[in-house]
Structures are given as structure tokens and as C-alpha cells.
2 protein chains.
Amino acid sequence: MFPNAIEPFIDLSTGINPYPYPAPEIPSDCFFRLPDQASTGRLAAIAAQSYGARSEDYVVPAPGTQILLPQVAMLVAPGRAAILGPTYAEHLRAASLAGHSAKEVSDVDQLRSADLAVIVNPNNPDGRIVPKAELLDLARDLRQRDGILVIDEAFADVVDSDISLAGDLDCGNVVVLRSFGKFFGLAGLRLGFALAEPHLATRLNALLGPWAVSGPAVFVGAKALADTAWKNRMLEHLADAARRLDGILAGSDLEIPGGTSLYRLTRSSGAQQLFNHLGHAGILVRRFAEYPTWLRWGLPDGEVAWQRLSAVLASSPKAP
Amino acid sequence: MFPNAIEPFIDLSTGINPYPYPAPEIPSDCFFRLPDQASTGRLAAIAAQSYGARSEDYVVPAPGTQILLPQVAMLVAPGRAAILGPTYAEHLRAASLAGHSAKEVSDVDQLRSADLAVIVNPNNPDGRIVPKAELLDLARDLRQRDGILVIDEAFADVVDSDISLAGDLDCGNVVVLRSFGKFFGLAGLRLGFALAEPHLATRLNALLGPWAVSGPAVFVGAKALADTAWKNRMLEHLADAARRLDGILAGSDLEIPGGTSLYRLTRSSGAQQLFNHLGHAGILVRRFAEYPTWLRWGLPDGEVAWQRLSAVLASSPKAP
């Protein structure tokens, strides 16, 4: 895209934590043998504790949440799917793949008549949070029509845990998705979870079949999710980094309508020019075809990247 | 199951190669970053070459073949599924999950009227091979009724490559499944492939979504599949080991109706007693609920295990 850009490229186009969990040495058995039920069950129990689900019976470990999206959408017979937008585009694609007539809507009330309703909470890219009471009310309405509510909590690790529906699954028609790789900075490992009432969880587990999660992901996931001290230190570190990023962006007269501490969203009339200016300087941010004034910014991974970002932004032509 | 057995347990209950590919050191980026399209595409191209498919457009990389089974079964609308048995039980389960009325049949001709036909080739556990001409003839019949033929070549690495349908996919209604972990002894890595005509491959890729395969699996898989020298050495080594196992089994008056060089099948009236005798001595083999005279034997992983197996078999009570 930018063949003559300055190298190395600084990739700020994802919302993945650039300060990864220090992965422990992985025993070779994790590669050789199929992960056994006991170790996968232990991972599920640790995930239940970490995310606030009642027990491991509510947890479906998967090789990333991405692969779960069509499978979750298939939990209801093809009908109408509504996704609270603008948001991560894969939900619309997955619902369509599952046979639903799917559309993005802009208001929670428009989700009430759906067979499959999807909310990303906190939202990507703008960080919008729908309060828990409103979600539970929506779940109640949907249940009367045998509808399912999917809450994608991919970025919920970095916000107040009170917003999560992980502990409120017994209504039976809510599926919560949790990503492991984003907060722990280990996206390549492929690990994620669906949390749901045990009957739903059993159906999802059956679709995935045995040995869905790799041995290395079972091992590293169990260690990392239990490491509360690392998590707490990282939450502070990410909050500091997000504040520093806001300072740099605001210094360039960029409006910041939202985000989380893993990414910030800016809105400016000169966003496309800025995207190109950054790209030629070897910095990749995320743009949005349908929202040409938006850019999403991940966190730089170290001091060199921070300095380059500051310098490139300071040298950017201002919007007219 | 055998709480007082001699330890360490010798697990001969799988068909996984116990002499694993020496996994190269995995770069930390494989864990941190989402696997990019370029590296996954390169893995697909190497797999195409290794398995004999026309190009990477025919290859769907997946986190193991297990997770593909229901997705492959969903390529045809719910109808009748027939699986050539007796064989790996997960095919029946996956076809049922996908909404088919599914049953095992004992003759290839009984597959001709199915909407979804499944053959494991070579078969697990008896090693039966259906010749390629017969498979192509079956695929032709099925195509006239918009049926799909699935050939599970999970153990095809260790037999003559002429039996594979990997190079015969242009008829458009054949899906070949290839397992990476069994032959390379890296089952915990979770890597497998569907091979299919590009339109079908695109549909399967869409169901899996992006980043289905982990960074470590992309990296190790590409190295191992390109390592023809290791593959050739291993084929000889496995053939030698299978001969040695046959000698030990035959010396205990066990009939060997079939197998591959990754596992051997025995038939004997005293199979259940033998299973228990082995178990108490810390050796686990595979038995089959519906075939009480059968046992399936994987390969011992080293000289200590070979000696223990020989000794335990020599001390086994003979069948009446």
C-alpha cells in the first residue's frame, strides 16, 4: 500500500495490546499430544473465574472468537439479525453466512424485534458502552420471541468489569464472547471463549468438536488468565499509554469521540490525507470506508514508536 | 480407568506418529500478531504441493480437520448422509449435527444414493483402501444428484500417494481432508486442511473466517510440509516400526486383519481380557464398543516402550 514508506512499519491498525503477556516456555507435549479433556476443562474453569461466569459449564473454549461468530449465529434458525452499528464488520458477515437477513441498526430499540441481536460492548471503534440494565431488558424482550442476544466483549478486559454479562447467563438466551489474544497481546495463539448457559454452551461445544483449542493455547491461556497481578499492572500501563496517545492526538487538533485504552478513535475532516501522510512515513492506522472522517489508533509498542508517531503527526499538513 | 497400573503409561490408543517432527524454534511474532494472509497463503501453497492439489486456491487451512467436519457436512442442504463403516465415529456425529439423517453403511454402492457420502481412505482402523477409480465413479454418480463426496485422507501420508483424490478436485463435488498432526506427530498444534475445487474452498474459507489457523501452526506447518527429506526418512522408519509391531503381535497369536504403518488392528476372541491385561500393566490400546474382538495398536515411542510391550504381551493369558 505504501511501497516507499519508512521502515520498519509501525502497525497501529489493530486493537491488540502491543505489550504482550510474557509467554512461559511451552512444554513439548503441548505440541505432540492432543490436548486432553482435563487440561481444557481446567482452562475453562480458570476462564470462568477470570471473566466472572458461574462455572466451567458456562465456558466454551475456542481457537479464537472469530471462528465462533457463524456458529453462534447458527444457534437460532435463519431469521432476522440486527447488529448495533457502526461496529466490527464480521458480525454482519457471520449472521449472513448463517442464513439470516442481517443489517446494522443504530439504536438498541431496533434490536428488540430481531431473532439474533448483536452488541459489541464496549464497542469497536468508538468505545460506546450499553449499560447492563439495558442489555438485560433487551435479553428479556428477545427471550419472549426465542431470540438470542450476543454480546461481544472482545475489549471488555480494559473497562469496568461491571458492564459484563458473563455472570448473567441463566436467562438462557445470552452468549458473551471474550477474546484472549487482544488484551494479552497474543493474537497469533488463537484463543477465545463463548460464555453461555450450559445448554447453549453444550450446543456450541458440539459444533466445535473435541480438541478445538491447541495445546499451546490451553497451556498459555491457563497461565495468563490466572495471573491477576499481571492483569492489574497491565490495566494501569494501558490507561497511561492511552492518555499519552490522547495527548499527542489532541496536540494535533484531532477530536477524540471515543475508544478504549487499547485503541482511540479520532474524527477530522482531513482524515484521509492524514492516513496517507502517516502511511508514507511508515505508520499504519485503521480507516473506515463508510466513515471517511474516522481513524482508529492502536498503541505504539515502545519509545521509538512513540517518538516517530509524535514527529510524524507534528509534521502533518493541517486540515483546511 | 486403571488406577493401580504401572507408570509411566504407554499410550498406544491413538494413531499419532510418536516420532514427531523436530519443531523449529517459533518466532515470538507468531504468538503476538494475527497470522497475515501472506503467510497463511504460503502455507496453503506448500500444502497444495505436498498433497498434490493444483494450487493454493484448492486448499483450506484449518485448526485441525475435526473442526471442519460439521462445516463440510453443511456444504449440502440437510438430506441423507452415508458413511462407509466401520470407521472414525466423528463423521456420523458431524453429519447428524449438520442436520442430515446419517448412517454407516458397509458397501460403497450404498453411498451412491446419498446427499453426503463419506469415505475414510485409508480407513481407520482397518486400513481398507478404496481404489481411486471407484471413488471417481462414485463422485460422478453423486454429482448428478448434487451430492458431495468427502474423502478423509487423515492417514494417507503413509500409503501410496496414488490413492489420493487431492489432484482430482475439478469435478467440483469432492472434498479431501488431510490431517497435519498425525503424520508429523504434532497433534497438539491443531492443523489440518480441506482440499476442494476453488468455489467449494471459498465457501469453507468463509465459514472459518480470517485467522482460523494459529501463528505457530502456520510457521511449523510450512516448514514441516516442505521437508521432503524428513518425510521420506519417516516413511521408512514407520514402515520398519509397523513390521516390528506386527512381529510382536503375531508372536502372541494375534490375527492382524489390517491397519496402516501408524496403527495396526488385531482381531482375537480374548481382546477384552487382553485390553485389561495391558491396562493393568500400564499400556493403553484402543478398543471398539461395537467390535469386541478388535484392538487398535499405535506405535511405541522408543526402546523402553517396545520392551515393555513385548514383555507384557508375552505374559498375557492366552485366549481359550
Taking A:THR87, is it within 9 Å of chain B (Cβ to nearest Cβ) and either under 20 Å from A:GLY172 (Cβ atoms) or in a loop (DSSP other than H, G, I, E, B) (or both)?
no
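Answer yes if at least one residue in region A:11-29 is in a helix (DSSP H, G or I), out of contact with any His (no Cβ under 8 Å at 6 or more places or on another chain) and either modelled with pLDDT of 95 or more or farther than 19 Å from A:LEU262 by Cβ (or both), and no otherwise.
yes
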How about region A:154-172: which of its residues are free of Cβ contacts under 8 Å to residues at least 60 places away in the same chain and buried (at least 22 other Cβ atoms within 10 Å of the Cβ)?
A:ALA156, A:LEU165
If only one of B:VAL76, B:VAL150 is more than 14 Å from every other protein chain (Cβ to nearest Cβ), in contact (Cβ under 8 Å) with a residue 24 or more places away in the chain and closer than 22 Å to A:PRO63 by Cβ, which one is it?
B:VAL150
From the list A:GLU255, A:GLU290, A:GLU236, exactly one residue is modelled with pLDDT under 95 and more than 18 Å from the chain's Cα centre (by Cα). Which is it?
A:GLU290
Which of the numbered conditions does A:THR65 fail, given that it passes all the others? Conditions: (1) over 17 Å from the mean Cα position of the chain (by Cα); (2) within 13 Å of another protein chain (Cβ to nearest Cβ); (3) part of a loop (DSSP other than H, G, I, E, B); (4) crowded, with 21+ Cβ neighbours inside 10 Å.
(1)
Name the residue that is nearest to A:LEU189 (Cα to Cα), counting only residues in region A:23-36 that are more than 9 Å from chain B (Cβ to nearest Cβ) and in contact (Cβ under 8 Å) with a residue 12 or more places away in the chain.
A:PRO24
Only residues that are buried (at least 18 other Cβ atoms within 10 Å of the Cβ) and either closer than 20 Å to B:SER28 by Cβ or not aliphatic (A, V, I, L, M) (or both): list them for region A:198-212, please.
A:ASN205, A:GLY209, A:TRP211
Checking A:SER96 against (1) in a loop (DSSP other than H, G, I, E, B); (2) within 14 Å of another protein chain (Cβ to nearest Cβ); (3) crowded, with 16+ Cβ neighbours inside 10 Å; (4) over 17 Å from the mean Cα position of the chain (by Cα), which test does it fail?
(1)
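The values are calculated or read from the model by the stated rules, or taken from the named source; none is laboratory data. Every value quoted in this text rests on a predicted model; they were computed, and no experiment measured them. Every residue, glycine among them, receives a Cβ derived from its backbone with ideal geometry; neighbour counts consider all protein chains shown.
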